[in-house]
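Peer 1: Let me give you the structure first, and then I'll get to my questions.
Bear in mind these aren't lab numbers, they're just calculated from the coordinates by the rules spelled out. This one's a predicted model, so the numbers in the text were calculated from it and none came from an experiment. Here Cβ is always computed from backbone atoms with ideal geometry, including for glycine, and neighbour counts include all displayed protein chains.
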Amino acid sequence: MRFEIIGKNISVTSNMREQIEKKLGALDKYLLIDPDTTARVVARVYPNSQKVEVTIPTKVGILRTEVIEDDFYTAVDKAIDKLEDQIRRQKTRLSRRHREHLSNAFVEIEEKEDEAKSIPVRTKTVVADVMPLDEAIMQMELVGHSFFIYTDEESEKTAVVYRRARGGYGLIEVEEPEL
């Protein structure tokens with residue numbers, strides 16, 4: 001994660017910068033934050049207090065917090081706590097949303113297939129990482145796509161998980177042809 005640290009009515013010292021980068025660097029362990037993400041931190045000084053504003057754009061949404069405290073370092077710590085809480089809530093929300101659909105998604109039978117239409121095709125190459133189905137669904141939701149290609153951890157076969165139009169999820173497993 002990259003950092004953009006701005007001081008309003010204050011010059012940001014190297015100690016302040018190090019503390020912010022150290023604390024925000026700990027958020028890299030969460031899936032929602034890319035290495036290319038730029039965290040914007042604004043430190044403001046008021047006559048009786050200090051304010052820290054942190055804004056981090058993620059794949060799922062924007063993480064943002066404002067904290068006003070007497071001490072700058074206390075404000076940074078409380079801002080980090082609030083951001084971790086926001087990330088935890090977003091992850092829980094995503095996993096709860098999928099837990100219900102997983103049990104029903106593979107029981108339903110596809111009722112009808114769409115007619116083939118001549119559409120210009122754009123080609124992409126993907127690496128099918130090895131992971132379990134739950135993680136593949138989570139990754140699909142995090143990137144905002146309607147399908148996700150991966151290698152299933154149990155069967156070691158290439159598979160595609162997709163979001164169905166009528167709700168739930170579908171799974172396509174690739175079977176190698178016998179020659």
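Peer 1: For region 142-179, which trypsin sites (Lys or Arg not before Pro) pass both filters: DSSP loop (anything but H, G, I, E, B) and at most 14 other C-beta atoms within 10 Å?
Peer 2: Here the trypsin sites (Lys or Arg not before Pro) that fit, given the DSSP loop and packing criteria, are Lys157, Arg164, Arg166.
Peer 1: Using label points projected 7 Å from each Cα along Cα→Cβ, tell me how many nm separate Thr55 and Glu18, to one decimal.
Peer 2: Taking the two extended label points, one gets 2.9 nm.
Peer 1: Where does each of Leu27, Leu179 land when they are ranked from fewest to most other beta-carbon atoms within 10 angstrom?
Peer 2: Least to most surrounded, the residues fall as Leu179, Leu27.
Peer 1: I would also like to ask the following. Between Thr74 and Ser155, what FRET efficiency follows from the Cβ-Cβ distance if R0 is 35 Å, with the result rounded to 0.05?
Peer 2: 0.10
Peer 1: List the residues whose amide H sits under 5 Å from the amide H of Tyr169, counting only those 5 or more places along or on another chain, with H placed 1.01 Å from N in the peptide plane.
Peer 2: Here the answer is Ala105, Arg164, since their amide H atoms fall under 5 Å of that of Tyr169.
Peer 1: Lysines near Lys91 by alpha-carbon distance under 26 Å, same-chain residues fewer than 8 away left out - which ones?
Peer 2: Once the sequence-local lysines are set aside, what remains near Lys91 is Lys22, Lys23, Lys29, Lys59, Lys78, Lys82.
Peer 1: Under a point spin-label approximation (7 Å from Cα along Cα-to-Cβ), what is the Asp34-Thr125 distance to one decimal in nm?
Peer 2: Computed distance between label sites Asp34 and Thr125 equals 2.0 nm.
Peer 1: So, with +1 on the Cβ of K and R and -1 on the Cβ of D and E, and no other charges, what is the size of the charge dipole of region 2-99 about its Cα centre, to the nearest 20 debye?
Peer 2: Using only the charged Cβ atoms, the result is roughly 680 debye.
Peer 1: Residue by residue through region 154-170, what is 3J(HN,Hα) from phi via Karplus (6.51 cos²θ - 1.76 cosθ + 1.60, θ = phi - 60°)? Round to whole Hz and write x for glycine and proline.
Peer 2: 7, 8, 6, 10, 5, 9, 10, 9, 9, 8, 7, 5, 8, x, x, 10, x
Peer 1: Using each residue's phi in region 121-127, evaluate 6.51 cos²θ - 1.76 cosθ + 1.60 at θ = phi - 60° and report the 3J(HN,Hα) Karplus result to the nearest Hz, with x for Gly and Pro.
Peer 2: Ordered by residue, 3J(HN,Hα) equals 10, 9, 9, 9, 10, 10, 9 Hz.
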